[in-house]
Amino acid sequence: MSVTGIEKLEFGVEDMTRSATFMRDFGLRDDGSQRRFTTLSGARVELSPLDDGELPPAFEQGSTLRRMTWGVADDQALAALRPKLSAQPGFRELDGALECRDPNGMTLRVQVTQQQPVTLDVDPINQWGDMRRVDKPSPLYEKAEPINIGHVVFFVDDLAAVERFYCDVLGFQVSDRYVDRAVFLRTQARGGHHNLFLLQLPHRGRGLNHVAFTVRDIHEVIGGGLAMNKQQWSTFIGPGRHPISSAYFWYVNSPTGGAFEYYTNEDYLTENWQPRELEHSLVSFTEWAVEGGIDYETRRQQKKSEAA
C-alpha cells in the first residue's frame with residue numbers, strides 16, 4: 001500500500017498564543033513563527049486562527065483539526081491514488097498534492113512524504129532471560145521529543161462509510177475492531193497497530209478525539225507527561241497501557257481540541273495478522289491507567305481537585 005503515514009495536521013484554534021505554548025511544552029519544535037511545529041521526523045502541526053479563510057470548513061464547533069495530510073512514498077504512488085480521490089467530494093489538485101473530503105467531513109490531502117528517517121539510541125529494557133542493558137541505568141527524561149505523528153482518532157457518525165473510504169480509496173488495512181463501535185486501521189500491511197482509529201458513539205457526533213505522537217520508550221512517556229504537569233497542563237488520562245495495541249500512553253488535554261497523546265511500544269503487525277472482533281470494555285481498552293495523571297512535585301497520583 002502506498003500511504004506511509006501522517007505528514008501534517010492543521011488546526012483552527014480560538015487561542016493562538018496558548019496553543020503555541022502548548023506545542024512547545026509538548027516537545028514539538030517551533031520554526032519561529034509560533035504557528036508551525038515539527039516532530040523529529042519532520043511531521044508538522046500548524047496553527048491558524050479559528051476564522052482563517054484559508055482553512056476548510058470545520059466538522060465540529062470550536063478549536064479542532066481542520067485538515068490532515070497523508071504521505072505517500074513517491075510521485076508514482078500519488079498518481080495511482082488520483083483516479084479514486086478525484087471521485088470524492090471537494091476534490092482539487094494542488095501543486096504536488098491531492099485534496100478531498102472524507103465521509104466524516106474531514107478535509108484531507110495526500111502528498112509525497114517530506115519526512116526523514118529517524119535513528120535514535122534507545123536503551124533496551126531488561127527482562128527475564130534477556131539482559132541487554134548492562135552496567136547502565138534506564139534513562140530519565142526532562143521532557144519528551146515526539147518522533148512522529150503516529151495516529152489520529154475521530155468520532156464518526158457513519159462508521160461503515162468512513163471505514164470503507166479509508167480502506168477502498170486509500171488502501172488502509174483493518175487491524176482490529178470493537179464490534180458495532182470502532183475500527184483500528186493502519187496504512188500498510190506491515191506497520192504499527194494503527195494510524196487511524198474511528199469511533200462511533202450513540203450520543204457523540206463527528207469530531208476529533210485525540211492525536212498521538214510516538215516517543216522512544218515508556219520512560220519518555222512518563223517524562224513527557226510529568227513535564228506537561230509541571231507546566232500546568234491537565235491530564236485527560238495516563239499513564240496507562242492499552243491491551244488492544246500493547247501501547248503505553250499518557251493523554252494531555254489540548255487547547256487545539258481533543259487531547260494529545262504520548263505513546264510507545266505498540267504492536268507491529270504484518271500481512272499474517274488476523275484482525276480481532278472484540279467487545280468494547282474497560283478491560284479490552286485499558287489494562288491499567290492513572291486517572292488525572294501524576295503530579296510533577298510529589299510523583300504521586302494527581303488529586304482530582306488539582307487535575308481538573
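Coordinate-derived values only; no laboratory data. Computed from a predicted structure; not experimentally measured. Virtual Cβ from ideal backbone geometry, glycine too; neighbours counted across all protein chains shown.
In table form, for the structure just shown:
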item	result
FRET E, pair S246, D51, Förster distance 30 Å, beta-carbon r, rounded to 0.05	0.15
For R181, residues with placed amide H under 5 Å, excluding near neighbours	none
Whole-Hz couplings from phi, Karplus 6.51/-1.76/1.60, listed for the stretch 274-290; x for Gly and Pro	9, x, 9, 10, 10, 7, 6, 7, 4, 5, 6, 8, 9, 5, 7, 6, 9
Rg over Rh [alpha-carbon atoms, Kirkwood Rh] for the chain	0.95
Which of R35, R186 has the fewest Cβ neighbours within 10 Å, and the rest in rising order	R35, R186
Using alpha-carbon coordinates, inclination of helix 218-230 to the longest axis of the chain, degrees	90
Formal net charge of residues neighbouring R164 (Cβ-Cβ distance under 13 Å; K, R +1; D, E -1)	-3
Per-pair calculated FRET efficiency, R0 = 35 Å: A189 and H280 via Cβ, rounded to 0.05	0.90
Dipole magnitude of the stretch 144-207 about its Cα centre (Cβ charges: Lys, Arg +1; Asp, Glu -1), debye to nearest 20	60
Protection proxy ranking, peptides 192-198, 97-103, average beta carbon neighbours within 10 Å, highest first	192-198, 97-103
Where labels lie 7 Å past Cα in the beta-carbon direction, separation of A161 and A87 in nm	1.7
The stretch 29-35 - phi-based ³J(HN,Hα) in whole Hz, Karplus 6.51/-1.76/1.60, Gly and Pro as x	8, 8, 7, x, 7, 6, 10
On Cα atoms only, tilt of 75-85 relative to the major axis of the chain in degrees	70
Antiparallel bridges, percent of DSSP beta bridges restricted to the stretch 1-146 (to nearest 5)	65
Full-stretch length increase - V134, L201 - with 0.36 nm per residue and alpha-carbon distance subtracted	19.4 nm
DSSP beta bridges in the stretch 123-210 [antiparallel fraction, %, rounded to 5]	80
Rounded to 10°, Cα long-axis angle of helix 16-26 versus longest principal axis of the chain	50
Coil-residue chymotrypsin sites (Phe, Trp or Tyr not before Pro) of the stretch 128-160, DSSP, other Cβ within 10 Å capped at 15	W128
Helix-only [θ]222 nm of the chain, DSSP H runs n ≥ 4, -39500 (n - 2.57) each, per residue, nearest 500	-4500 deg cm²/dmol
Local net charge near H194, Cβ-Cβ under 13 Å (Lys/Arg +1, Asp/Glu -1)	-2
Extreme residue, positive dipole direction of the stretch 184-302, given options Y268, H203, H242 (C-beta unit charges)	H203
